[in-house]
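I have a structure here, written as structure tokens, and I will follow up with some questions on it.
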Amino acid sequence: MARRMALSDAIDWWAPPTARALGRVALSTLLLVVLGAAGGAVTTVLAFWAAGITGSPTQLLPFTSLADARLLLPVFLVVGAMVGAAFAPVAGWLFLRRVPLWRAVVEPAAATVLAAGAGGWIGIGVAILCALGAFWVAAARLGWTHRRAALGAGGWSPSSGSGTPSLGSGTPSLGSGVAWPSVG
């Protein structure tokens, strides 16, 4: 069965085998900055397009038509690239280390565009806040849903009912760390 590629696998592939840990971290962060800048630029343009569809152009921007708003396309690209370059490494290291690469890229970007479209009904400020919030919520949700796979079999999960994490023994523990008595 083919294994899915996670962000950490892509980073391992790019790093030479003799690289030190600090070099790998720096290379990984640089890769995240570059990819975040590109993704942020594209996502910002799509988000403003989505917000422009749901809201009126005069409410969204101080122009009378969308043709005049196209003059701001370079500004959208630069601002989106700066935000993406700042947010991608933070989200990547905090939440997305064990997430499949395609999901780490597509889901936060889609959430950003959809939230900007939803916030476009109210105005540009709300559209921007909705887009930024949706990015962080989507990244945190991905990190939360993929943390169980990283724990492996025998790991602790909130649904196991035990008070403390099991260290892989398969035996649930009470809140004080005492094992359950065996029956039979």
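The values are calculated or read from the model by the stated rules, or taken from the named source; none is laboratory data. Just so it is clear, the structure is predicted and the values come from calculations on it, not from any experiment. Backbone-built Cβ (ideal geometry, glycine too); neighbour counts: all protein chains shown.
Taking interchain pairs and intrachain pairs at least six residues apart, which have beta carbon atoms under 6 angstrom, with the first residue in segment 71-84 and more than 15 Å from Val33 (Cα to Cα) and the second modelled with pLDDT under 90?
Correct list of pairs: Phe76/Thr44; Phe76/Val45; Phe76/Phe48.
Follow-up question, since we're still on this one. Of the conditions (1) farther than 15 Å from Phe48 by Cβ; (2) in contact (Cβ under 8 Å) with a residue 60 or more places away in the chain; (3) in a helix (DSSP H, G or I), Leu96 clears all except one; give me its number.
The single condition Leu96 does not satisfy is (3).
On to the next question. Do the conditions hold for Ala104, that is, is it in the same structural domain as Ala47 (by TED's automatic domain parsing) and within 18 Å of Leu30 (Cα to Cα)? Talk me through it step by step, then tell me what you get.
Numbers: in the same structural domain as Ala47 (by TED's automatic domain parsing): yes; within 18 Å of Leu30 (Cα to Cα): yes.
For Ala104, the condition - in the same structural domain as Ala47 (by TED's automatic domain parsing) and within 18 Å of Leu30 (Cα to Cα) - is met.
Working carefully through the options Val137, Val113, find the one that is surrounded by 17 or more Cβ atoms within 10 Å (Cβ to Cβ), modelled with pLDDT of 50 or more and either of a type outside the set (D, E, K, R) or within 19 Å of Val90 (Cα to Cα) (or both).
Val113
So Gly80 passes all but one of these: (1) modelled with pLDDT under 90; (2) part of a helix (DSSP H, G or I). Which condition number does it fail?
In the conditions (1) modelled with pLDDT under 90; (2) part of a helix (DSSP H, G or I), Gly80 misses (1) alone.
While we're here: How many of the residues in segment 76-101 are over 11 Å from the mean Cα position of the chain (by Cα) and either among the aromatic types (Phe, Trp, Tyr) or not assigned by TED's automatic domain parsing to the domain that holds Ala26 (or both)?
Total meeting the criteria: 1.
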